[in-house]
Amino acid sequence: MNNIVIYFLKLFICLIIIVVIMRLWSKNQEKIFFINSRKVAFPSQLFYKTDDGRYLAYWPKDYRGRKSTLQSRNSLIGKFTEEWVCKLFGRLIVDDDLYLVKQAIIPSLGITSRSPVDLVISTANRKILKASEVKVIFEVKMSIVWNWQYFDDSNNVVEIGDFRTHQGKPSFTRSDSILKAIGKCIGIRVSSFESSKIPIVVIGNAPLSNGFCKKADHLKRVGVIQGFWSLNPFPLNHGNTRKTTPYGGYIRFNNTSELKRNLDNLFSQDLNFFSGMENPKTLGKYIEIANNENNYEDKGLKFLKLIRRY
DNA sequence: AGCTAATCCACGAACGCCGA
DNA sequence: TCGGCGTTCGTGGATTAGCT
């Protein structure tokens, strides 16, 4: 009796942690980024300075003065968001045999130290991994979404508008960022058949550029990328944004438990990527041969072998 | 004519590798 | 040990296409 009470108490506490304490991306995360980064960087390395002497994260849409392009903030926000995603997923994954590895190197997939993948879930706690140890690959593409003003007298930042009010386009709203992510994922897919069992997910914190909604769904259908996931529930100050694309190629998560459901779903399926360019006659032949196997699973595996010409 | 989106190019800092 | 090279990070500028 006591054990059952304790069990439910534990479950309850877990639920509270997931729903209340663990938050997805929000303005508060960006504030933390600036306050933290201020300890290692000058304001001029984190903010633009306008002609009238204000420190801003982005150039406002109506700003007509002299402008420059910050480079010093890029790797800082890259590091911060990667670390943030790692911590978030670390708390969602309860399995003791799974590890999160940042900047992972997977030589058999052509992923070398020159261009490591941002984050993977792996069965081994090492930087250099075998393809068979990698459960999921995450490509993190997150930005500062809101515009911020910095006050150096109080060392404080204040939010001054969402991404519709400034010129820079954050994360998934930028089409060439998406192209870059797709390119990297294709690179992994075509590197080796060993990658065909590994789901790839792109993580962002802004709505997906309209032009890529259909493509995101197609990429999921054909198996190249298992999803573009936005971890920012409320990217706008007023109004709503797209929750998901019809086939779920893009999803905006409302909370961490929803994220966890989708993550678990990725693990529960034994997914296989396959592709080809073959005439119907040859495909028919493959299907006939594969059909000689005893059950659906073996038939499927045989078919995969055939189209890959093992 | 004026707007937006897509695309391509460039930027500077950081980091790891490799050869001298 | 040092310097060059390749790569990534996220943002801005320029140009073009397409829409109203």
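Rule-based calculations on the coordinates, nothing more; no lab input. From a predicted model like this one, the values you see are computed outputs, not experimental measurements. Using ideal geometry, Cβ is built from the backbone for each residue, glycine included, and neighbour counts are taken over all protein chains shown.
Is there a pair in A:130/A:281; A:130/A:305; A:67/A:220; A:260/A:302; A:130/A:184; A:27/A:130 whose C-alpha atoms are over 28 Å apart, and which pairs would that be?
A:130/A:281; A:67/A:220; A:260/A:302; A:27/A:130
Between residue A:62 and residue A:83, take the C-beta separation as r, use R0 = 30 Å, and let me know the FRET efficiency to the nearest 0.05.
Calculated value: 0.30.
Using only Cα atoms, tell me the angle between helix A:256-268 and the longest principal axis of chain A; keep it within 0 to 90° and round to the nearest 10.
20
Hey, can you rank A:297-306, A:132-141 by average C-beta count inside 10 Å, highest first?
By packing density, highest mean first, the sequence is A:132-141, A:297-306.
Quick check: the angle from helix A:175-189's long axis to the longest principal axis of chain A, C-alpha only, nearest 10 degrees?
30
Arranged from highest to lowest average of other beta-carbon atoms within 10 Å per residue, in what order do the peptides A:79-92, A:146-159, A:266-279 appear?
So the order, starting with the most tightly packed, is A:79-92, A:146-159, A:266-279.
Which far-off residues, 5 or more places away or on another chain, put their amide H under 5 Å from the one on residue A:160, with H placed in the peptide plane?
Result for residue A:160 returns A:147, A:148, A:149.
Using a Cα-Cα cut-off of under 16 Å, which aspartates and glutamates could be cross-linked to residue A:285, ignoring same-chain neighbours fewer than 8 residues away?
Partners found: A:293.
Which distance in nm do the two modelled labels at residue A:309 and residue A:292 give, with both placed 7 Å along the Cα-to-Cβ direction?
2.1
Could you give the angle, 0 to 90 degrees to the nearest 10, between helix A:2-16's Cα long axis and the longest principal axis of the Cα atoms of chain A?
60
So, counting K/R as plus one and D/E as minus one, what does the shell of residues with Cβ under 9 Å around residue A:291 add up to?
0
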